[in-house]
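The next block holds one structure in the form of structure tokens; read it before the comments.
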Amino acid sequence: MQDNGLQVAPQKSEAVVLTNKWAYRDPVLTLGGQQISVKPSMRYLGVQLDKRLNFGDHIRLVTAAARRAVSALGRLMPNVQGPSACKSRLLMSVAHSKLLYASPVWALAAARAARNRVALSQAQISAAIRVARCYRTVSDMAALVLARMPPAHLLADERRRIEERKKEPTTVAVIRRQEREATLREWQVIWDHTEKAAWTRRMIPDISRWVYQPNQEAITFHMAQALTGHGCFQHYLWKRRRAGDPHCMHCDEPDDTVEHTLFNCPFWAEDRREMEQCVGRPLQPNDVPDIILGPEQELLPDDASRRRRIEAMAEGLRLAFGRMVEAILGRKEDAEWKYLDSEDFAFFNSSFSPLTYL
Ligand SMILES: [Zn+2]
């Protein structure tokens, strides 16, 4: 190096031993007469290399950095009336860029350890909750699906596969599309087998249709409640010790779930009228996937004008469902806050803080 006019600073040099051995003695390394410290991990080109190359230290560092970025951005975006989901996703891509830096290098090794996968998705959750405007109590699986964010370990592996295929005789755009579809298939398998988010899985069973849904717009605070069941429902509030019992406040139903509120409670019958006229019968939970996801593209007729008519009808139905959700949950939430302000509730639970779950 000296022949090329370069000088090494021994005091700034460090080393890490890459090995699978559990017991070994650190070598004594000297450079320019000075001993070099041997460390358990060290940073090289932005990646934290640890002695076993399982990248646990790297994941810890990038997840902490992503959490800090999300937290800083989150303070600028209140959940209820913050920026649109598009802007949120743009801002949250900053967090993803921290999380997935150099992922082709570490994706395969890091994803083998469950704790790395959990750490990566935990760092995504607070971003997903901001994008999807849902309660913090929503499961990680539901929040990521609502925010249309594939789990970070799947995204990391997708980038690795794209990098590996770049020499193939096809365009990068085609490779990216194929690999994103492969990621969505993997995500669908996880979604199908999780025991979490039962209601959200019922509302959004097909991840690809949800991710590629046309006319995507910001998920409203009330729509997030309708799709997760976490919101102004006595069943949810009772489970979170925010209500004395799960009984519906508007009828005789002993268990006021999201399903009861949106589809069965007679108190909101007038708010369901438009939807019932659209579908020609009482609305049922099983109708919702087709309403919010739109028609399956491969089932649409080839005739362009028929296709447009069906798509316009589907869009009208989706907007009508949105209006129904806003009408019911908007009024129900008002009733809920009045109850929380009432003396009855103060008597029931004097230690409660209503802002804890928002
Ligand atoms: Zn009711």
Put +1 on the Cβ of every Lys and Arg and -1 on every Asp and Glu Cβ in the range 1-66; which of Gly5, Gly56, Ser37 then has its Cα farthest towards the positive end of the dipole? Gly56
Arg331 label point, 7 Å along Cα→Cβ, cut-off 13 Å on backbone N: hits in the range 228-270? 250-251, 262, 265-270
With +1 on the Cβ of every Lys and Arg and -1 on the Cβ of every Asp and Glu, the dipole magnitude of the chain about its Cα centre, in debye rounded to the nearest 20, is 1860
With +1 assigned to the C-beta of every Lys and Arg and -1 to the C-beta of every Asp and Glu, and no other charges, what is the dipole magnitude of the range 104-256 about the Cα centre in debye, to the nearest 20? 700
By count of other Cβ within 10 Å, fewest leading, how are Arg67, Arg273, Arg176 ordered? Arg273, Arg176, Arg67
Violations at 21 Å Cα threshold for listed pairs Lys12/Lys51; Lys39/Lys98; Lys51/Lys98; Lys239/Lys332; Lys98/Lys167 -> Lys39/Lys98; Lys51/Lys98; Lys98/Lys167
Calc'd 3J(HN,Hα), the range 33-48, phi into Karplus 6.51 cos²θ - 1.76 cosθ + 1.60 (θ = phi - 60°), Hz, glycine/Pro = x, comes to x, 10, 6, 9, 6, 9, 10, x, 7, 8, 8, 9, 6, x, 10, 7
Given points 7 Å out from each Cα along the Cα-Cβ axis, report the Asn4 to Leu31 separation in nanometres with one decimal. 1.4
Length-normalised contact order of the chain, Cα under 8 Å, at least 6 apart, in percent, tallies to 11
Grab the Cα-Cα distance for Arg273 and Ala109, subtract it from 0.36 nm times how many residues apart they are, and report the gain in nm with one decimal. 53.6 nm
Please give the length that would be gained between Arg307 and Ile190 if that part of the chain were fully extended, namely 0.36 nm times their separation in residues minus their C-alpha to C-alpha distance (nm, one decimal). 38.8 nm
Determine, for Phe221, Phe233, the number of other Cβ atoms within 10 Å of each Cβ, and report the residues in order from fewest to most. Phe221, Phe233
Tell me, Cys278, Cys251, Cys232 in order of fewest to most beta-carbon neighbours within 10 Å? Cys251, Cys278, Cys232
Please list, by residue number, everything in the range 271-290 whose backbone N is under 17 Å from a paramagnetic label point 7 Å out along Cα→Cβ of Glu296. 286-290
If you stretched the chain out fully between Arg75 and Asn215, how much longer would it get, using 0.36 nm times the residue separation minus the C-alpha to C-alpha distance? 47.6 nm
Among Gln178, Trp210, His247, which residue has its Cα positioned farthest towards the positive end of the charge dipole of the chain, with +1 placed on the Cβ of Lys and Arg, -1 on the Cβ of Asp and Glu, and the dipole taken about the Cα centre? Gln178
With a/c under 1.5 counting as rounded, go ahead and sort the range 1-62 into rounded, prolate or oblate using the C-alpha gyration tensor (a ≥ b ≥ c being the square roots of the eigenvalues; past the cut-off, prolate if a/b is larger than b/c, else oblate). oblate
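No value in this document is a laboratory result; all are computed from the given coordinates. As the structure is a prediction and not an experimental result, all values here were calculated from the model. Reconstructed Cβ throughout: ideal geometry from the backbone, glycine too, with neighbour counts over all protein chains shown.
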